[in-house]
Structure formats: structure tokens, C-alpha cells
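Chemist: Supplied in C-alpha cells, the structure appears directly below.
The values are calculated or read from the model by the stated rules, or taken from the named source; none is laboratory data. This is a predicted model, so every value here is computed, not measured. Every residue, glycine as well, gets a Cβ built from its backbone with ideal geometry; the counts of neighbours run over all protein chains shown. SASA here: full protein model, heavy atoms, side chains in, ligands and nucleic acids out. Shrake-Rupley method; radii C 1.70, N 1.55, O 1.52, S 1.80 Å.
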Amino acid sequence: RNDSRSFRLSNIAYNLVMDAWSRRPGNAAERAERILRRLEHNYELTNNRLLRPDVISYTAVMKAYVDHPNGGEKALQILEEMHHQVRDGNRKARPDLKCISVAMDACAKNGLTAEAERLLNDIDDSKKSELLFNTVMSGYKREGRGESAEAALRRMIGLLEHGGWERCSPDRISYTTCIEAWG
């Protein structure tokens, strides 16, 4: 039976498809973004709150763009869209730590490591982790910026020693990435 009591389309189906596209090579990022735009359009047409894009929707598309040539720029654009959505009352579009991590990864892999570090700086110290710092250092390694990678490593150590933030404890990857960034 397919009436309104037994079936209501929601963003969950769209999110699953966008997530699946985010895991494929080729033009998958554009396909995932088209699905997001269709979801937004269907929400605007129906005003069905179940069709309103959420943080999962936007993160799935961002994830699809991580290895895309313009991935960093697209991730920053999507983050800005999310902030606009939140200002317009869509609380479920508020970027979470996973979303920020994906945006940082896209930036670091596409020559926008300074933007990735800016995103890191906006995160409360209590939520920072070695993974986030390693993402930034990896970007600086790609860019051949050993001094910047070392500065990020020193910040990690400072957060651990002076703030007691165990999650910021540098690991083997942190040290290796920093050393390799010096080239």
C-alpha cells in the first residue's frame, strides 16, 4: 500500500544515494551534488520537513568532492550554504565535527591547507584531535611547507602539555608527516 500513512519520502533515501555516489570515482561528485539540488528543490516544492537537507546530506556531497580537482573550493561553498541554511532556521544543517573534518580533508588535498587550518582554528580545543591536525600537516606536506607543518605539530604538543587535551597527542603519523613536509 502506497498512501501517505504507509510511505513518506524523506531525506534518508537521498542521503543514502549521495553517500553511495561519494564512494565512486569519475563524475560522482557532480552526480551527488545534482541529487542534493533535487532534494533542496523537492523540499521547496512540498515544504515537507522530512525532505529538508541535513548535515548528513551536505557532508555526503562534500565527501564526494574530497579528491575532485576543485574539492576544497566546493567544500567551502557547501559549508557556506550550510551556515546560510542554519541562519534560515534549518538547525539540522549545522556543520558537525565529521562535516568539518571532511571539509578540511578536501581543502588539504586541493592546495587550500591554510583554509583547512582556519577551520581547525574555529573548532573548540576540547574537540580537536590528532586526526584533524594530521590532516592539516598532510596538506602542508603536499605543499612543501615544512615550517607550517611543524607549527601545527607544536600546537598539538602545546594543547597536550598545557591544556591536557589527550586527543591532541601526536602519533607516529604526526611526526612522520611533519618530517616529510620538510622534504
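Chemist: Restricting to the range 147-170, name every residue that is out of contact with any Leu (no Cβ under 6 Å at 6 or more places or on another chain) and more than 22 Å from A103 (Cα to Cα).
Modeler: The answer is E147, R154, I157, G158, L159, L160, E161, H162, G163, G164, E166.
Chemist: What helices (runs of 4 or more DSSP H) completely inside the range 1-89 contain at least 3 residues that are open to solvent by 90 Å² or more (accessible area, probe 1.4 Å)?
Modeler: Those helices (runs of 4 or more DSSP H) span 28-46, 71-87.
Chemist: Pairs, please: C-beta under 6 Å, at least 6 apart or cross-chain, first residue without any contact (Cβ under 8 Å) to a residue 60 or more places away in the chain and over 21 Å from C99 (Cα atoms) and in the range 40-64, second open to solvent by less than 40 Å² (accessible area, probe 1.4 Å) and part of a helix (DSSP H, G or I)?
Modeler: Sorted first by the residue in the range 40-64, then by its partner, the pairs are N42/L51; Y43/L51.
Residues checked against (1) over 16 Å from G72 (Cβ atoms); (2) modelled with pLDDT of 95 or more; (3) not small (G, A, S):
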residue: A103; (1), (2), (3): no, yes, no
residue: G111; (1), (2), (3): no, yes, no
residue: E115; (1), (2), (3): no, yes, yes
residue: K128; (1), (2), (3): yes, yes, yes
residue: E143; (1), (2), (3): no, yes, yes
residue: A149; (1), (2), (3): yes, yes, no
residue: L159; (1), (2), (3): yes, yes, yes
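Chemist: What number of residues in the range 161-172 are more than 24 Å from the chain's Cα centre (by Cα) and in a helix (DSSP H, G or I)?
Modeler: Total satisfying the criteria: 3.
Chemist: Going through G139, G146, G158 one at a time, which residue ends up being free of Cβ contacts under 8 Å to residues at least 12 places away in the same chain and open to solvent by less than 50 Å² (accessible area, probe 1.4 Å)?
Modeler: The unique qualifying residue is G158.
Per-residue answers, yes or no, for (1) farther than 19 Å from R167 by Cβ; (2) hydrophobic (A, V, I, L, M, F, W, C):
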position: L97; (1), (2): no, yes
position: D122; (1), (2): no, no
position: S129; (1), (2): no, no
position: E143; (1), (2): yes, no
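Chemist: Being part of a loop (DSSP other than H, G, I, E, B), open to solvent by less than 50 Å² (accessible area, probe 1.4 Å) and under 15 Å from K127 (Cβ atoms) is the filter here, so list the residues in the range 94-111 that pass it.
Modeler: Matches in the range 94-111: P95 only.
Chemist: Restricting to the range 1-29, name every residue that is aromatic (F, W, Y) and either at pLDDT 95 or above or within 17 Å of the chain's Cα centre (by Cα) (or both).
Modeler: Those that are aromatic (F, W, Y) and either at pLDDT 95 or above or within 17 Å of the chain's Cα centre (by Cα) (or both): Y14, W21.
Chemist: Take A114 and decide whether it is surrounded by 23 or more Cβ atoms within 10 Å (Cβ to Cβ), in a helix (DSSP H, G or I), among the small types (G, A, S) and at negative phi.
Modeler: When the stated conditions are applied, A114 does not pass them.
Chemist: I would also like to ask the following. Of the residues Y175, Y140, only one is assigned to a helix (DSSP H, G or I) and within 25 Å of P95 (Cα to Cα); which?
Modeler: Just one listed residue meets the conditions, Y140.
Chemist: Related question: Looking only at the range 123-136, count every residue that is open to solvent by 40 Å² or more (accessible area, probe 1.4 Å) and assigned to a loop (DSSP other than H, G, I, E, B) and tell me the total.
Modeler: Number satisfying all stated conditions: 1.
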